[in-house]
Amino acid sequence: MKKEILVGAMLIVSSCAFAQQETGIQEVTIASKTSKPIYKSGKNVQLLSAKDLEKFKGQNLNDVLNQLVGFQITGNFNNTSEPKSLKIRGGKSANVLILMDGVPLKDVTGNDYTVSDLRLIALENIESIEVLNGASSVLYGSNATVSVINIKTKQSANKKIEGLLSARGGSFSTFAQDLTLKGKLSDFNYEVSGFNEKSEGLSSAEGENFNKDGYEKQNFAANLGYNKNNFSLNVNGNYSHNLFHYDDGAFTDGNNRGNDIQKFAGLSSKYTYKNGEIHFNSRLSATERVGQSFVGNAYQDQYSYAGANFFSELFNQYSFSKYISLVAGIQYETQNMGAKSLPFGGNSLEDVLLKSDTKNNNFDAFAQANFNYSGFNLDLGIRNTNQSKFGNHLVYSINPFYLKEFDENYFKLGYSYSTAFIAPTLYQNFGSLPYTLPNFDLKPETNSSHEIDLSFGKKDQSFVINASLYQRQEKDAFAYETVDFVSYAGQFLNVDSNKVKGFDVGFKYRFNPIFNIGGNFSYVEKEKEATMLRQPKQRVNSFLEIDAFKGNKINFTHQFVSKRSDSYYDSATFAVVPVELKSYHLFNLNVSQTLVKNLSVFANIGNLFNTSYVDVVGFTMKPRNYTVGVDYKF
């Protein structure tokens, strides 16, 4: 333990870390829906560029996000096939909105959240990641109450044809292959990719002589773009499949498997004119989930969900002068879902919810204006949502900040007050008889947030210090309660409220072309301690990056997670058992080396010191594990 604390202390520094390493000023779109320099955003934004993601070869998207300030991805250190839960700034998965190329990507089949399953997204297909923590419903609508994550896929190309072929293998008999082809032909560009991964895994539940719970997943993506003068158009599609095995619960072996499919098709366009630009985005996504148990000598379906989400938006960004700009637009979204379950003693699934009956839709109008003069800025935003069940809901934001620019440096200090909301899911509205009753009178869960942001350093982010102090009030939170004590049926109600407060601090500094160091520290607490389940109050991430010589990259990371509360169901006593999980330190080493111009090899060692710890009680944690691989660019 002393050795781990010493190494961690050497690395412990804090950050919006892993910002882009390329020279020049990086730009992001997440803070205003249009491109602007990262240091000019009203709130602190975290950016992981393509160069940053090279440090995570052999790892997955959850591993990357788990290093960001304020993030805790519960279950990330359990068996890879296990579901992951986002715990960000005291929030839950329902408080998070994931965008892919700026457009929301949702799974509307979830019971209490619509965030997309990150296990279905291949890190190999990602160009960059932008993260905006804090209430952002004015720009993005429902669920953007704690964090918005924008995942940008690989699309850019300079030659008629170029590509990447990669393969890796490692612990738990895990093997993966990836192929990407992309190119530019006159005014057109294209990209197609395929990814496959298969693993024997390890037992998800903790216990002796339990069966391994493996998985296999595939991802196929395609983009076709057109760009000429002041107009661009992009058509894209994606198919993801995840077949995974899982156990019956904590400390309990089982023979179950899930079969999840997510697919979408979308269209995005942009027209640029004098002083402005018009954007149109649309996406139709569908999710299918099937749960099976091994009965007799074959797997039998136990339940299935099928949902669809259609999203479209049109917005305009216009600069009236160098002092005033405005983003304004409209959005339409519709969701539906069907569900089936196996009745007691039955042999086949029966309809519980019909897609034709289980649907919601909403129409939104939003606007955000920026006023600036001599470094003083003011962002004002408003959005009205008209939803088919709860009617109209208004949110707004006020974000004054001061930005002082020097030649290569900047200083920024700002305050924001924002309201945000979470719309009820289809499951929460329509229920699932006989045990979950419908409730069409559910109001949206609301959040109001105060935040102070400080940032200063180099404009190119080679040196930057960030700090955020926040307080959030949650009202009308959804909770499931028993309402019929004869049948023990329940329904989701607006019953809860809570207060959350915390702060994040960060630092990153590239000493020279060889050494780069940084990290982050997060603290959060909630008024109602019981809602902090599996959420640590303190988290630390730190990293040391060494580019020892040409083509070589060494990345050493450390993570500290403080003690947490947890609980599990004891099938012997029929009781829920509360436990307190101990704090832990974890270390990871990633090394890559370019052998020749287009060929590189990499290796990753997770849990470097083979630390024994518990992430989720009753479930197996990963011991020291290895991954080695090769990349060939052509």
Quick one: ranking Ser341, Ser240 by accessible area, 1.4 Å probe, largest first, what do you get?
Ser341, Ser240
Simple label model, 7 Å out from Cα along Cβ direction - Ser319 to Ser571, nm:
6.4
Label selected from (i) 60; (ii) 44; (iii) 40, the criterion being percent of Cα pairs over 35 Å apart as computed here:
(iii)
Subtract the Cα-Cα distance of Val596 and Asn297 from 0.36 nm times their separation in residues, and report this length gain in nm to one decimal.
102.5 nm
So, relative contact order of the chain in percent, Cα under 8 Å, 6 or more apart, is 14
Mean ellipticity per residue at 222 nm, deg cm²/dmol - from DSSP H runs of n ≥ 4 across the chain, formula -39500 (n - 2.57):
-1000 deg cm²/dmol
Run the quick spin-label model on Lys51 and Phe511: label points 7 Å from Cα toward the beta carbon, then report their separation in nm to one decimal.
1.9
Place the peptides 362-368, 281-287 in order of packing, highest mean first, counting for every residue the other Cβ atoms within 10 Å and averaging per peptide.
281-287, 362-368
Can you compute the FRET efficiency between Asn230 and Val486 using 1/(1 + (r/R0)^6), with r the Cβ-Cβ distance and R0 = 56 Å? Round to the nearest 0.05.
0.25
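Please state the relative contact order of the range 202-325 as a whole percent: Cα pairs under 8 Å, 6+ residues apart?
On the way: 284 pairs, mean separation 23.6, N = 124.
Across the range 202-325, relative contact order equals 19 percent.
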How large are Rg and Dmax for the range 70-179 when only the alpha carbon atoms are used, in Å?
16.0, 47
Using a simple spin-label model with points 7 Å from Cα along the Cα→Cβ vector, what separation in nm is obtained for Ser156 and Leu185?
2.3
Short version: ³J(HN,Hα) in whole Hz for each residue of the range 434-442, in order, from phi by Karplus 6.51 cos²θ - 1.76 cosθ + 1.60 (θ = phi - 60°), x for Gly and Pro, what are they?
x, 9, 10, 7, x, 8, 8, 9, 4
Please list, in order along the range 258-263, the HN-Hα scalar couplings obtained from phi with the Karplus expression 6.51 cos²θ - 1.76 cosθ + 1.60 (θ = phi - 60°), rounded to whole Hz, x for Gly and Pro.
x, 10, 10, 10, 10, 9
Setting aside same-chain residues fewer than 8 positions from Lys106, which aspartates and glutamates have a Cα under 13 Å from its Cα?
Asp117, Glu288, Glu333
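The values are calculated or read from the model by the stated rules, or taken from the named source; none is laboratory data. What you are looking at is a predicted structure, and each value in this text was computed from that prediction instead of being measured. Because the Cβ atoms are built from the backbone with ideal geometry, glycine has one as well, and the counts that use them run over all protein chains shown. Areas reflect the complete protein model, heavy atoms only, side chains present, ligands, DNA and RNA absent. Shrake-Rupley method; radii C 1.70, N 1.55, O 1.52, S 1.80 Å.
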